[in-house]
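Here the structure is laid out as structure tokens; the discussion comes afterwards.
Here, each number is a calculation from the coordinates, and none is a lab measurement. Predicted model, so just to flag it, every value in this text is computed and none were measured. Counting neighbours? That spans all protein chains shown, and the Cβs are built from the backbone with ideal geometry, glycine included.
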């Protein structure tokens, strides 16, 4: 059985269990940047939240999640504060957005 079912594949093997960490693949920065480029305008808060809700999440061990973060070269957006982080962070990541405007009333 897998850890997703509350048990470990390592039962009885003497290996310590490691907690699993949810990781967005592709990263939320990539997903949001791609959609904003496609729309050629800033995403609204509702659009960002909808994209986060529809994005793919995989469960990785803590070590694997850290290795992925290092290979990406950046820390992904926190899904709990995705819109506010996106407004700030999209300008840090070169090539992810084509516009700097924010829809009125969305901040």
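Quick notes
- Residue 19-residue 84 pseudo-label distance in nm [points 7 Å out on the Cα-to-Cβ vector]: 2.3 nm
- Label-to-label distance, residue 39 versus residue 92, with points set 7 angstrom from Cα along the beta-carbon direction: 2.2 nm.
- In a fully extended conformation the segment linking residue 53 and residue 71 would gain 4.0 nm over its present Cα-Cα distance, using 0.36 nm per residue.
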